[in-house]
Amino acid sequence: MSDTRAIKTFLEDHAGVASVRLTRVRGSSPRDAGAEMFVAKGATFGTIGGGQLEYMAISQARVMLAQGGDKMVMDVPLGPEIGQCCGGRVEISLARMSVADKLMAVGSLAGEVSNYPSVYIIGAGHVGRALAASLALLPVKTILIDGRTDELSQCKAAVEKRLTPLAEAEIRAASAGSAFVVLTHDHSLDFLAASEALARGDAAYVGMIGSASKRASFKSWCRRENDGQSINNLTCPIGAGSCCDKRPDVIAALVAAEVITELTGFKAREAAEKPSVLLEGRSS
């Protein structure tokens, strides 16, 4: 929720603010339609993609604010003439924000944040804490779980922390489409947590720290202890390339990239499936 507090503070601190929104995108562009930023006389919040396009939009927004204008539209080709080579074309809507507009913007972002996918980190050891710090920078809700008070207390990242010896119960209660990263201090706990996450069948990502031999051991454990549970959807080892560098922060960066990639793909697949569901409903 820190994003919501940040935009609320920005909008309260500046009387004159313009909303700058990409309303139409044709071809390639730095951001998709709907991307929005806020511009005040000496500060900005958010981004529509950076570069010359954003510089031009900020400049026009400040001119509009200074001259007392309320609205304007920019139609910008993203070619060599403005120093960007995206090759597309964008339409940008600039609008002076009223008090009601500001409240609506805060509410809109709060709603967006509440819909962020959840990432459960099972284990608050050195890698778990590093991963929590990396994920705290991304648009996800991060939950760090451990049964050890001292380990959880060492995490200074702005993420939710849950002290419990029953990670499996937290995994079962998670929302569909969540991601689970298992990296406890004990292989048996790893196996129990990973098995619980895989059993859901609706996780966007299930990863377990370890090596190829640990994956093989887990497969044998599932066959022996868990009715031959499939581990096809398990990522282990986690963090492509992490075998080359064992530093916690490096592993965390690689795993964070892996997780956000899977979450983005899961969301895209969900969106693609929705129209077909609606069509089926109409035909029945």
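Rule-based calculations on the coordinates, nothing more; no lab input. Note that the structure is predicted; figures quoted are calculated from it, not measured. Cβ sites come from the backbone with ideal geometry, for glycine too, and all protein chains shown count toward neighbours.
Assorted remarks:
- Normalised by the number of residues in the chain, the mean separation of alpha-carbon contacts (under 8 Å, six or more apart) gives a relative contact order of 13 percent.
- Taking other Cβ atoms within 10 Å as a rough exposure proxy, H14, H185 sort from fewest to most as H185, H14.
- Descending Cα extents along the principal axes, the range 2-113, whole Å: 38, 34, 19
- Relative packing of peptides 255-261, 265-271 - highest average C-beta neighbours within 10 Å first: 255-261, 265-271
- DSSP-assigned coil residues among trypsin sites (Lys or Arg not before Pro) in the range 132-187, each with at most 15 further Cβ atoms within 10 Å: R148, K156
- Greater than 21 Å apart at Cα, pairs in K161/K267; K161/K214; K71/K102; K102/K156; K41/K71; K8/K41: K161/K267; K161/K214; K102/K156
- Surrounding net charge for V39, when Lys and Arg each add one and Asp and Glu each subtract one, Cβ distance under 12 Å: +2
- Each residue in M64, M72 was given a count of other beta-carbon atoms within 10 angstrom of its own, and listing them fewest first yields M72, M64.
- Histogram of C-alpha separations across the chain, 5 Å bin width, %: 1, 5, 10, 12, 13, 12, 11, 10, 9, 7, 5, 2, 1, 0, 0
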